[in-house]
Amino acid sequence: MEASCLELALEGERACKAGDFPSGAAFFEHAVQVGTEDLKTLSAIYSQLGNAYFYLKDYAKALEYHKHDLTLARTIGDRIGEGKASGNLGNTLKILGQFDEALVCCQRHLDISQEQGDKVGEARALYNIGNVYHAKGKEALWTLPQEEPGQLPQEIQEALKKASEFYKKNLSLVKELADRAAQGRAYGNLGNAHYLMGNFSKAIVFHKQRLNIAKEFGDRAAERRAYSNLANAHIFLGSFDIAAEYYKKTLHLSRQLKDQTVEAQTCYSLGNTYTLLEDYEKAVEYHLKHLAIAQELGDRVGEGRACWSLENAYVSLGKYEQALHFAEKHLEISQEIGDPTGEVTACTSIEQLRSTLGSEQSSEGTDASVSAGYEIQGARPKWAQANSMSNLELLRFPSEKDQNGETLHLGDLGITGKDSLPSSASSHKYRQNPSLLEGYGESPLEASDVQVQLSQLARPFIGTGWTGTARCMLADEFQTCTASSVWILSHFLRPVSTKLALRSGALLCKEKKNNIIKPCRK
């Protein structure tokens, strides 16, 4: 006897709950073919299909079925269903980068929820609108040349401020609803938005709240992200020792979670943080750990970055033979992965180091030869700023539980609404942007796990943005590795300050007297 539409739909729902979205979509498609006269059930199936395809990254089909759901909800006069379908459409359009259309859909969800007195729906809509503005600001930010944190173009500032406003409204409402998990996501996203705007002290306040709630729930993945985000913000405040402690907590949790990629990234960040602290022995220790994991993971790009960082650290220690070894490895990997600028960088380093070592053998005047190929006081040559390995895209990690808004739940035969798919669902990438956005169920947007990344040779330092194990580690709700993600292209030692060139912020200076990072004086 052929299974009924509802039976097939329930099988599809079970498959989706188990994270088997291909099977789930197949059951739902079969259910649609069998058909039903119960339009509520059909609406639920369309909603589930839309979400299943969303998780499978087939956004065209996700859009198609969410539109079917919206049309059907309007046909049967289901205002709550219409609002939720609009929210799902908004989330999908956001992923496709159609932000204005996404805002229209999410605003309709908000209007209907308020009209119907649906507080939960209202909170979700507020959250999703915040996500859209956040994504819009981030995408615009990534198209710009380097800007100082907090000195972003008006359009981006407005988008991030709007995101913050809607997150605050969401936070107020979820507090009223006593939804602590949602409060945690809101705090994380607020921290992320302020982080992008360069408000690092405020970001720290919000991320500490996020951390507390993650601990309440025993959510070690969220706790790990919170620690990383706190470390990132402290880097920009010049509190490198505090940042190192937070990165150590990140490392501990990544090992508990058996996440080697994050472990490698955290070792990389620690290596660069200790470089900022001028503790080059520890910097070498952590870069070697990063190198070992990158090799184990077969991550040649990450391995190349580790070799480059080790070259820098060994030069700072005056250990030029070891530096030469890693410069040669850097060259080998650059040639293998087709990085011509990396090859030029490595070749120049090798030439300079061989010259230095040759001079050491022929005379005692090492100091003069060491500075011969470099800028004053051991800084990397200026051409290093264009090194292509430093400009690779940020890694995009999935956040804890990405969800595409809401779905009609078929588990109970009485279909009364649209509940989110279970959090076991997988994850998705937000286009090719370094942010990962997700629906309300388990948010997108919590600040970035920034990867500190060093400049070439001598006194390198910090930056983000890398592929492989040496790159930005994405965060909890909405990953942002941009404005405040430190991207050091070179380190010039000056009598008063150290200049830093940022990935999304122009030049900053670290005053030696108080370790504060701020815009350099022209």
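Could you tell me whether segment 171-192 includes any residue that is within 20 Å of residue 102 (Cα to Cα), part of a helix (DSSP H, G or I) and open to solvent by 10 Å² or more (accessible area, probe 1.4 Å)? Scanning segment 171-192 turns up no residue that is within 20 Å of residue 102 (Cα to Cα), part of a helix (DSSP H, G or I) and open to solvent by 10 Å² or more (accessible area, probe 1.4 Å).
Here residue 197 clears all of (1) surrounded by fewer than 23 Cβ atoms within 10 Å (Cβ to Cβ); (2) more than 30 Å from residue 113 (Cα to Cα); (3) touching a helix residue (DSSP H, G or I) at 6+ places or on another chain (Cβ under 9 Å) except the condition numbered (1). Scanning segment 15-61 for residues that are farther than 17 Å from residue 84 by Cβ and polar (S, T, N, Q) turns up 23, 33, 36. Only one entry in 17, 61, 84, 57 is out of contact with any helix residue (DSSP H, G or I) (no Cβ under 7 Å at 6 or more places or on another chain) and within 21 Å of residue 106 (Cβ to Cβ), namely 57. Scanning segment 219-239 for residues that are surrounded by fewer than 24 Cβ atoms within 10 Å (Cβ to Cβ), touching a residue at least 60 places away in the same chain (Cβ under 8 Å) and over 16 Å from the mean Cα position of the chain (by Cα) turns up 219, 237, 238, 239. Inspect all residues belonging to segment 289-305 and state whether any of them is farther than 21 Å from residue 337 by Cβ, at pLDDT 95 or above, assigned to a helix (DSSP H, G or I) and open to solvent by 20 Å² or more (accessible area, probe 1.4 Å). Yes, that holds for at least one residue.
Do you know which residues across segment 308-332 are outside any helix (DSSP H, G or I) and either open to solvent by less than 40 Å² (accessible area, probe 1.4 Å) or aromatic (Phe, Trp, Tyr) (or both)? Full working, then the answer.
So the first thing to find is which residues in segment 308-332 are outside any helix (DSSP H, G or I), and the list is 317-319.
The one that is outside any helix (DSSP H, G or I) and either open to solvent by less than 40 Å² (accessible area, probe 1.4 Å) or aromatic (Phe, Trp, Tyr) (or both): 318.
Among the residues that make up segment 209-218, is at least one of them under 29 Å from residue 156 (Cβ atoms), among the small types (Gly, Ala, Ser) and open to solvent by 10 Å² or more (accessible area, probe 1.4 Å)?
Of all residues in segment 209-218, those under 29 Å from residue 156 (Cβ atoms) come to 209-211, 213-214.
With among the small types (Gly, Ala, Ser) added as a condition, the list becomes 214.
Now drop any that are not open to solvent by 10 Å² or more (accessible area, probe 1.4 Å), which leaves none.
Among the residues of segment 209-218, not one is under 29 Å from residue 156 (Cβ atoms), among the small types (Gly, Ala, Ser) and open to solvent by 10 Å² or more (accessible area, probe 1.4 Å), which makes the answer no.
The set of residues in segment 259-279 that are open to solvent by 20 Å² or more (accessible area, probe 1.4 Å), of a type outside the set (A, V, I, L, M, F, W, C) and either part of a helix (DSSP H, G or I) or in contact with a helix residue (DSSP H, G or I) (Cβ under 7 Å, 6 or more places away or on another chain) (or both) comprises 260, 261, 263.
The values are calculated or read from the model by the stated rules, or taken from the named source; none is laboratory data. Note that the structure is predicted; figures quoted are calculated from it, not measured. We place every Cβ from the backbone using ideal geometry, glycine too, and count neighbours over all the protein chains shown. Accessible surface is based on the protein model in full, side chains and every heavy atom, while ligands, DNA and RNA are left aside. Shrake-Rupley method; radii C 1.70, N 1.55, O 1.52, S 1.80 Å.
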